[in-house]
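Asks: Provided herewith is a single structure, encoded as structure tokens, for subsequent inquiry.
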Amino acid sequence: MTRIAVIGGGRIGEALVAGLLESGRLTKDLVVVETHRERADLIADRLGIRVTDDVTDAAVGADLLVIAVKPGDVDGVLASLGKAELGDRDQVLVSLAAGVPTTRLEGKLPAGFPVVRVMANTPMLVGQGMSVIAPGRYAREEHLKLVTEMLAAVGKVVAVAESQMDAVTAVSGSGPAYFFLVVEAMVDAGVGLGLTRDVATRLVVQTMVGSAALLDESGQTAAELRAAVTSPAGTTAAAMRELERGGLRSSFLEALFAAKQRSAEQGASVE
Ligand SMILES: NC(=O)c1ccc[n+]([C@@H]2O[C@H](COP(=O)([O-])OP(=O)(O)OC[C@H]3O[C@@H](n4cnc5c(N)ncnc54)[C@H](OP(=O)(O)O)[C@@H]3O)[C@@H](O)[C@H]2O)c1
């Protein structure tokens, strides 16, 4: 029986708990810690679970302590956890706070406390998240397994070494924003070609949803699927020529490189 305390009932905390409740996974004993009174009432109402403002109380006896507050609030949570009698059972701290290294978390917990860091992304809000997990120094295989099982309730889960978290941030953490930008650009282009914004939006969104499903389910690579819709001297080939001329590939390369670098700078500043 796994007891989970989710500290921070914001968008991400609520999405995780809602996904767990819906999937029926690890839901024996769930508690949310939320200090914002109105937000706490809203979550208790919407999810029908226990919501408290007492981190220390919720942490005692929890197997998974999930931090889902903004990075700037993590120290406050760790200070409250410091007052709890942690370590009386095999507990794991799971941090969803972007950019906060495991060494920083471990340094404020009892010696040897297992920590798992997660880089999530916003499609988690609709159960389609990409969660990437990285173990701290004391997290063992069984801890990763438990955390994977929890996060699988809100999407896919991949494990990497923590040294790769800046690259992960650049690819899947910020990834939804690149996608939304492409959607915006295509809708604007459709309007430029004479479609109404409503029709252009519907065409683009369903094209993206359908293409993502095809990519996920067909077992083919993106390059294979693109080749399949690019007939010789056809319309798609004409569009590809312009996209390549505009430097789309190199823009992505440079953009993700910049995101990785920025992630590393931010990590260094919170260390
Ligand atoms: N890669 C991504 O795209 C991505 C996406 C989303 C989130 N994340 C990460 O996920 C984390 C949560 O994000 P979010 O958008 O859900 O944040 P959020 O909306 O700010 O939610 C956090 C909630 O926790 C509350 N809180 C603050 N300190 C607390 C404490 N000591 N104890 C209990 N509750 C406390 C906040 O209340 P107040 O409002 O009163 O402060 C707020 O309601 C962040 O660290 C973020 O980096 C990453």
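Asks: Restricting to segment 162-179, name every residue that is without any contact (Cβ under 8 Å) to a residue 12 or more places away in the chain and either over 15 Å from L256 (Cα atoms) or touching a Leu at 6+ places or on another chain (Cβ under 9 Å) (or both).
Replies: S163
Asks: Working only within segment 110-125, note down all residues that are within 15 Å of the ligand (Cβ to nearest atom) and without any contact (Cβ under 8 Å) to a residue 40 or more places away in the chain.
Replies: Those that are within 15 Å of the ligand (Cβ to nearest atom) and without any contact (Cβ under 8 Å) to a residue 40 or more places away in the chain: V115, V116, V118.
Asks: When you scan segment 124-147, how many residues do you find that are under 13 Å from S95 (Cα atoms) and either open to solvent by 50 Å² or more (accessible area, probe 1.4 Å) or of a type in the set (G, A, S) (or both)?
Replies: Residues flagged as under 13 Å from S95 (Cα atoms) and either open to solvent by 50 Å² or more (accessible area, probe 1.4 Å) or of a type in the set (G, A, S) (or both) within segment 124-147 amount to 4.
Asks: Next question. Spot the failing condition for M208; the list is (1) part of a helix (DSSP H, G or I); (2) within 30 Å of M119 (Cβ to Cβ); (3) open to solvent by 60 Å² or more (accessible area, probe 1.4 Å), and only one is missed.
Replies: Of (1) part of a helix (DSSP H, G or I); (2) within 30 Å of M119 (Cβ to Cβ); (3) open to solvent by 60 Å² or more (accessible area, probe 1.4 Å), only one is false for M208: (3).
Asks: OK, next. Can you tell me how many residues within segment 189-205 are more than 21 Å from R226 (Cβ to Cβ), open to solvent by less than 80 Å² (accessible area, probe 1.4 Å), in a helix (DSSP H, G or I) and free of Cβ contacts under 8 Å to residues at least 12 places away in the same chain?
Replies: Residues meeting the conditions: 3.
Asks: Looking at (1) open to solvent by 90 Å² or more (accessible area, probe 1.4 Å); (2) over 31 Å from the mean Cα position of the chain (by Cα), which one does E184 not meet, given that it meets all the others?
Replies: Failing condition for E184: (2).
Asks: Now, a different point. Give the residue, chosen from Q261, Q220, Q266, that is loosely packed, with under 13 Cβ neighbours inside 10 Å and either assigned to a helix (DSSP H, G or I) or among the polar types (S, T, N, Q) (or both).
Replies: Q261 is the lone residue from the list that is loosely packed, with under 13 Cβ neighbours inside 10 Å and either assigned to a helix (DSSP H, G or I) or among the polar types (S, T, N, Q) (or both).
Asks: Read through the list (1) of a type outside the set (S, T, Y); (2) more than 14 Å from the ligand (Cβ to nearest atom); (3) surrounded by fewer than 21 Cβ atoms within 10 Å (Cβ to Cβ), then give the number of the only condition that G155 fails.
Replies: Status for G155: all satisfied but (2).
Asks: Which of the residues spanning segment 136-154 are free of Cβ contacts under 8 Å to residues at least 40 places away in the same chain and more than 16 Å from D63 (Cβ to Cβ)?
Replies: If the condition is that a residue be free of Cβ contacts under 8 Å to residues at least 40 places away in the same chain and more than 16 Å from D63 (Cβ to Cβ), then G136, R137 are the ones that fit.
The values are calculated or read from the model by the stated rules, or taken from the named source; none is laboratory data. Fair warning: this is a prediction, and the values are worked out from it, not measured in the lab. Backbone-built Cβ (ideal geometry, glycine too); neighbour counts: all protein chains shown. Please note that ligands, DNA and RNA were not included when accessible areas were found on the heavy atoms of the full protein model with its side chains. Shrake-Rupley method; radii C 1.70, N 1.55, O 1.52, S 1.80 Å.
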